[in-house]
Amino acid sequence: MSKVWFITGAGSGIGAATARAALKAGDRVVATGRNLDKLRNALRDVAGENLAFVELDVASEVQAKAAVDEAMKVYGRIDVLVNNAGYSLLGNFEELSTAEIEQLIATNFNGVMFVMRAVLPVMRMQRSGLIINISSLAGVVGFKHCGAYSAAKFAVEGLSASVAHEVEPFGIEITTIEPGFFRTDLLDAHNAKYAGGTIEDYAAEGKAEAMWSGYHGTQQGDPAKLGDILVKIAGMDKPPKQFVAGSDALAVVKPALEARLEELRAQQDLSSSTDGSF
Ligand SMILES: NC(=O)c1ccc[n+]([C@@H]2O[C@H](COP(=O)([O-])OP(=O)(O)OC[C@H]3O[C@@H](n4cnc5c(N)ncnc54)[C@H](OP(=O)(O)O)[C@@H]3O)[C@@H](O)[C@H]2O)c1
């Protein structure tokens with residue numbers, strides 16, 4: 001049966017690619033973004049009755065609710081929510097300002113929370129739905145310069161894993177996607193935010209921007225292929241709770257989880273030694 005998708009940040013990268021993949025599969029899509037012109041331009045060639053454009057800055061809870069209401073007016077249901085909108089803020093934690101971190105959290109975490117809050121009543125009413133939250137490899141493993149970005153993505157993982165238990169009885173599944181490097185606008189000079197150069201002790205290693213901006217345009221992940229995978233996941237009877245996307249991500253996540261398991265086994269006597277006597 002044809003599904004209705006609601007996608008945030010659909011004006012570029014993984015969001016736009018997912019909208020294309022869903023339309024190609026014969027589904028209907030509510031593509032949302034902060035800038036309607038950008039959104040329309042990005043998806044101009046696939047426009048038609050199966051595609052609706054709705055304005056949404058995910059950092060606004062009011063807009064999230066209004067955008068979901070608008071989507072319901074257009075297609076009457078939401079089967080798949082893709083919380084995709086986000087940006088990167090990179091730099092040593094001590095060199096990031098609290099305001100920069102709070103701004104990132106407002107989009108990369110609060111945005112997910114606001115849109116989930118707005119969509120969950122719809123999915124509960126339907127007694128079905130899939131929420132796909134785009135996390136990151138940095139939502140599983142910590143990296144230098146990624147303190148703020150990782151904090152937001154780990155928060156998305158925690159929210160998703162917990163809420164999944166609450167909503168499963170209503171036929172709602174939640175999947176987090178943990179992509180490695182994908183060729184999108186994420187590290188484009190206009191979008192990525194950087195900090196650095198304010199604390200002498202960190203100067204020797206060079207600036208975060210010099211390290212990360214070089215990846216732009218050379219990432220091995222293809223957003224179109226990820227879009228097709230998300231359509232495949234949306235068609236599964238039992239979608240995965242977490243999905244690692246890309247061989248670069250797999251190469252990091254697998255050894256990290258094995259190391260964690262090894263550490264857990266090495267410490268298990270000490271761990272259980274905290275049990276009290278009754
Ligand atoms: N590409 C990667 O290597 C990679 C890896 C791991 C995770 N991810 C995650 O994948 C998701 C998509 O990113 P992408 O790689 O496709 O990058 P992208 O091409 O830059 O797309 C991000 C989209 O999010 C939108 N956005 C940013 N802030 C927003 C807000 N407050 N409200 C609504 N939309 C907003 C942007 O729209 P504007 O034009 O309005 O800014 C843009 O369309 C992000 O959550 C990112 O963290 C990407």
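The values are calculated or read from the model by the stated rules, or taken from the named source; none is laboratory data. Since we're looking at a predicted model, the values are computed, not measured. In this analysis, Cβ positions are derived from the backbone assuming ideal geometry, glycine residues included, and neighbour counts consider all displayed protein chains. Ligands, DNA and RNA are excluded from the accessible area calculation, which covers all protein heavy atoms including side chains. Shrake-Rupley method; radii C 1.70, N 1.55, O 1.52, S 1.80 Å.
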Cβ charges +1 (Lys, Arg) and -1 (Asp, Glu), total dipole of the chain, debye
1140
Using the heavy atoms of the protein chains alone and a 1.4 angstrom probe, what is the accessible area of the stretch 238-278 per residue in square angstrom?
84
Could you tell me the center-to-center distance, by alpha carbons, between the stretch 38-78 and the stretch 146-222 in angstrom?
24
Accessible surface of the chain, 1.4 Å probe, proportion on carbon and sulfur as whole %
53
Among 181, 230, 251, flag the residue with its Cα farthest along the positive direction of the charge dipole of the stretch 168-278, charges on Cβ as +1 for Lys/Arg and -1 for Asp/Glu.
230
In Å², what does the accessible area per residue of the stretch 16-88 work out to with a 1.4 Å probe?
46
To the nearest 20 debye, the stretch 171-250 has a Cα-centred charge dipole, built from +1 on Lys and Arg Cβ and -1 on Asp and Glu Cβ, of 300
Suppose R0 equals 45 Å; then what is the FRET efficiency for residue 224 and residue 278 from their Cβ-Cβ distance, rounded to the nearest 0.05?
0.20
Would you mind computing, in nm to one decimal, how far apart the modelled labels at residue 264 and residue 166 are, each placed 7 Å from Cα along Cα→Cβ?
2.5
Work out the P(r) tail for the chain: percent of alpha carbon pairs separated by more than 23 Å, whole number.
55
Please give the FRET efficiency for residue 257 paired with residue 143, using the beta carbon to beta carbon distance and R0 = 22 Å, rounded to the nearest 0.05.
0.90
Expected 222 nm ellipticity per residue - DSSP helices of 4 or more, -39500 (n - 2.57), all of the chain, to 500:
-14000 deg cm²/dmol
Which entries of 38/238; 24/254; 144/193 show an alpha-carbon separation above 24 angstrom in the structure shown?
38/238; 24/254
DSSP beta bridges in the chain [antiparallel fraction, %, rounded to 5]:
0
Taking only C-alpha pairs under 8 Å that are 6+ residues apart, what is the relative contact order of the chain in percent?
20
Difference of contour (0.36 nm per residue) and Cα-Cα distance, residue 50 to residue 126
25.3 nm
Non-local residues with an amide H under 5 Å from the amide H of residue 89, with H modelled 1.01 Å from N and Pro and chain starts lacking one, are 149, 193
Take every Cα-Cα distance within the stretch 1-146, group them into 10 Å bins from 0 onward, and report for each bin the whole-number percent of pairs it holds.
12, 42, 31, 13, 3, 0
